[in-house]
Amino acid sequence: DAGITQSPRHKVTETGTPVTLRCHQTENHRYMYWYRQDPGHGLRLIHYSYGVKDTDKGEVSDGYSVSRSKTEDFLLTLESATSSQTSVYFCAISKGGSANYGYTFGSGTRLTVV
Amino acid sequence: AQSVTQPDIHITVSEGASLELRCNYSYGATPYLFWYVQSPGQGLQLLLKYFSGDTLVQGIKGFEAEFKRSQSSFNLRKPSVHWSDAAEYFCAGNSGNTPLVFGKGTRLSVIA
């Protein structure tokens, strides 16, 4: 979507390796989110950020870490990838923390762990 | 715990027929509620949202949704479905400053 890009779009990695996914925004929004999407589970929140260096855990944060050193970038790291982390990962941005600001989603990163 | 439930995993409708996708919520206070659509291989697009006021909200692509507090529901409707409406639909909600919580989604198939 305009203003938010995710990279890479697709990645295949081996079990046990670290993987970093990047979310980049040009909207100068304060809030950024990482969700994973799995069949039968919808979207589940992994981590989110409410400002530079300010992050918090979501529902499924185990095995993941995040960093936000600049407003525009929010990185998601799988410390040691496992097959259960095969998923589609979506980044979202929001101007404020309250939902009435709305979320804009990226196009997603499809990650396969073999 | 706050939650959003979509009871139907998959719905099939004929082109031109009416559509209703169900969504139930569980929140202590009146939540903000949303419907998103996801076409295959794409991200999520916002269809409509409810914050307060008029309980019938209009969205894009001819969709509407009605907030019913007594039934804890926020069902999505469209009077006449087009083949291009085939997609996955997600209901989402939150209260206050918490991140959005999504339902598990309903996949819509449209047949001729």
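For this structure, a couple of remarks:
- Signed unit charges on C-beta, dipole axis of the protein assembly as shown, positive-most listed residue B:73, A:114, B:96: B:96
- Solvent-accessible area of residue A:17 with every protein chain in place, 1.4 Å probe, in Å² to the nearest 10: 40
- Alpha-carbon centroid distance for the pair the stretch A:51-82 / the stretch B:87-104, whole angstrom: 20
- Other residues lying with their Cβ under 13 Å from the Cβ of residue A:8 contribute a combined charge of +4, Lys and Arg counting +1, Asp and Glu -1.
- Efficiency of FRET between residue A:5 and residue B:71 - r from beta-carbon atoms, R0 45 angstrom, step 0.05: 0.65
- Solvent-accessible area, 1.4 Å probe, carbon plus sulfur percent, for the protein assembly as shown: 48
- With DNA, RNA and ligands ignored, accessible area of residue A:41 (1.4 Å probe; Å², nearest 10): 80
- FRET efficiency, 1/(1 + (r/R0)^6) with R0 35 Å, evaluated for residue A:38 and residue B:80 via beta carbons: 0.60
- Label-point gap, in nm, between residue A:86 and residue B:45 - each point 7 angstrom along Cα→Cβ: 3.0
The values are calculated or read from the model by the stated rules, or taken from the named source; none is laboratory data. Computed from a predicted model, the values in this text were never measured in an experiment. As a convention, Cβ positions derive from the backbone with ideal geometry for all residues, glycine included, and neighbour counts pool all protein chains shown. Note: areas computed on protein heavy atoms with side chains; ligands, DNA, RNA excluded. Shrake-Rupley method; radii C 1.70, N 1.55, O 1.52, S 1.80 Å.
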